[in-house]
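The values are calculated or read from the model by the stated rules, or taken from the named source; none is laboratory data. Nothing here was measured: the structure is a model prediction, and the numbers come from that model. Backbone-built Cβ (ideal geometry, glycine too); neighbour counts: all protein chains shown. Areas reflect the complete protein model, heavy atoms only, side chains present, ligands, DNA and RNA absent. Shrake-Rupley method; radii C 1.70, N 1.55, O 1.52, S 1.80 Å.
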Amino acid sequence: MTTKGVEGMAHWDAETAVVGLGAWGAAALWRLAARGVDVLGLERFTPGQAPGSSHGGSQLFRLACPEHPGLIPLAHRSRELWAELEDAGQTKLFVPSGGLLIGPEHGRVAGGTLRTAREYGVRVRTFTATALRIQYPRHVGLPRHHIGVWDPHAGLLRAEHAVRTTVTLARNAGARVHTDTRVTSVELVPGGVHLHTPHGLVKVRQVVLAVGARLPALLPGLPLDTVRTPVTWFRPLESDGDFELEGFPAFVRELDDGRVLWGSGLEGGHDVRLGLEDPGAAAKPVEPEDDDRSVTPDDWQDLARLLPAKVPGLRPLPARIAMGLRTRTPDGQFVVGRPGDDARVVVAAGGNAHGFAHAPAIGEALADLVQGEPTKVPLGFLSPDRFD
């Protein structure tokens with residue numbers, strides 16, 4: 001870093017900077033460093049501990065993605081790169097548990113997954129509501145018109161461990177990483193970018209902004225909003241094994257009122273991880289700079305009230321709660337690309353609660369964009385200019 005002014009734009013601190021080292025930013029840093037790019041990473045917090053979307057102990061990976069058909073090739077590429085990341089880091093990041101999607105046959109979760117799987121040749125298995133009750137007895141209150149779709153390719157990703165591993169690999173490949181460094185403003189200058197921090201000025205030719213909820217503050221114009229996202233763990237009443245991951249696998253369950261319950265069973269711990277996609281009062285919009293992570297009953301009561309009728313056998317009070325943030329876009333899709341085709345800036349934001357699983361392929365695409373190469377997977381549907 002340097003605190004000197006620009007003198008003929010002759011000096012740059014790096015070719016590229018990645019601002020924000022959550023799952024997407026860390027992956028971009030790794031892929032750029034592995035290609036020999038002169039890159040530095042700036043993270044406001046500590047990688048793997050930032051209070052954003054890359055938190056919660058584990059994240060669900062699915063191959064049959066109903067949110068958009070363009071995500072199917074992205075998921076295939078991500079699964080390959082998760083394996084590469086595991087090999088490079090000599091660690092286990094992906095738990096191949098399979099995943100269960102439950103809901104109305106024509107709904108967006110189970111129905112959407114089944115339609116996507118059929119269209120793109122993803123092998124899945126279907127269950128009637130009766131078969132679901134027998135196979136997975138902890139799921140109760142299933143109407144007759146609901147179905148289950150089993151995605152054998154799904155599993156759980158160790159979220160914080162994955163981020164830390166990716167940043168370590170980026171460092172080992174030559175990336176310079178500055179933690180506890182907040183970028184307060186981004187200044188676009190001829191031929192490059194000035195990043196203002198409390199420690200001084202950082203001057204680079206290109207910047208990747210992967211700051212999630214804070215993107216509009218650094219680069220106004222994108223329609224993003226931010227909500228609090230509590231992740232809640234409940235302890236089983238009995239140690240009968242029904243909540244082990246094999247019998248209570250990772251799931252997403254759409255209810256008839258439109259709410260979506262998600263979670264996963266015991267895997268290396270004593271508590272069951274559960275959440276609501278839009279958890280009532282807890283989903284209220286917040287300012288990205290709001291550092292309040294305190295927990296109130298509003299953060300878990302709506303979820304707890306559902307459990308006796310939908311997932312009985314858990315203690316009524318949470319064992320613990322983690323509070324994070326989720327960044328949303330109007331159409332529910334990510335924002336990845338160059339706003340206005342500006343050669344100085346690449347953005348990545350709007351994870352919409354399902355972005356973590358695609359982190360390696362998103363990171364690879366960000367590296368491709370920085371280097372002016374075609375992305376391995378078509379990502380035009382994620383263009384930041386689609387809202388203009």
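List of remarks:
- Of the listed residues Arg228, Arg293, Arg182, the order by accessible area with a 1.4 Å probe, largest first, is Arg182, Arg293, Arg228.
- Rule-of-thumb Rg ratio for segment 161-307 [Cα; 2.2 N^0.38 Å; N residues]: 1.41
- Convex hull volume per residue, computed on the Cα atoms of segment 208-270, equals 161 Å³.
- Rounded FRET efficiency, nearest 0.05, which uses the C-beta distance separating Arg133 from Ser383 and R0 of 35 Å: 0.20
- Cα centroid separation - segment 145-212 against segment 105-138, whole Å: 34
- Separation in nanometres of the label points that stand 7 Å from Cα toward Cβ, at Arg320 and Arg35: 3.8
- Segment 55-69-segment 244-263 distance, computed between alpha-carbon centres (Å): 13
- Considering all C-alpha pairs of segment 120-197, those separated by over 19 Å amount to 68%.
- Calculated from backbone phi, Karplus (6.51, -1.76, 1.60) coupling profile of segment 138-150 in Hz, x at Gly/Pro: 6, 8, 10, x, 8, x, 5, 8, 8, 10, x, 10, 9
- Working note: Cα atoms of segment 250-388, range along each principal axis, descending, whole Å: 53, 31, 29.
- Cα pair distances in segment 291-334, grouped into 5 Å bins until the bin that holds the longest one, percent each: 5, 16, 22, 17, 14, 16, 9, 1
- The heavy atoms of Tyr120 offer some 100 square angstrom of accessible surface to a 1.4 angstrom probe.
- In degrees, nearest ten, helix 110-120 long axis to first principal axis of the chain (Cα): 60
- Solvent-accessible heavy-atom area per residue, rounded to whole Å², over the chain at 1.4 Å: 41
- In degrees, nearest ten, helix 23-34 long axis to first principal axis of the chain (Cα): 50
- Solvent-accessible area of Glu80, all protein chains in place: 110 Å² (probe radius 1.4 Å, heavy atoms, ligands and nucleic acids excluded).
- For Asp87, the solvent-accessible surface computed with a 1.4 Å probe is close to 120 Å², ligands and nucleic acids excluded.
- Cα-based radius of gyration for the chain, normalised by 2.2 N^0.38 Å, reads 1.00.
- Were the residues from Arg171 through Glu289 laid out at 0.36 nm apart, the gain over their Cα-Cα distance would be 39.7 nm.
- Computed over the chain with a Gaussian network model linking Cα atoms closer than 10 Å, the most mobile of His146, His11, His358 is His11.
- If the chain linking Glu187 and Leu201 were pulled fully straight, counting 0.36 nm for each residue of separation and taking away their Cα-Cα distance, it would gain 4.0 nm.
- Distance between the modelled labels on His161 and His270, one decimal in nanometres: 2.0 nm (7 Å Cα→Cβ projection).
- Rounded to 10°, Cα long-axis angle of helix 71-89 versus longest principal axis of the chain: 70
- Shape annotation for segment 41-157: C-alpha extents along the principal axes are 51, 29, 25 Å, from largest to smallest.
- Computed over segment 172-233, the range of Cα coordinates on each principal axis works out to 45, 34, 23 Å, biggest value leading.
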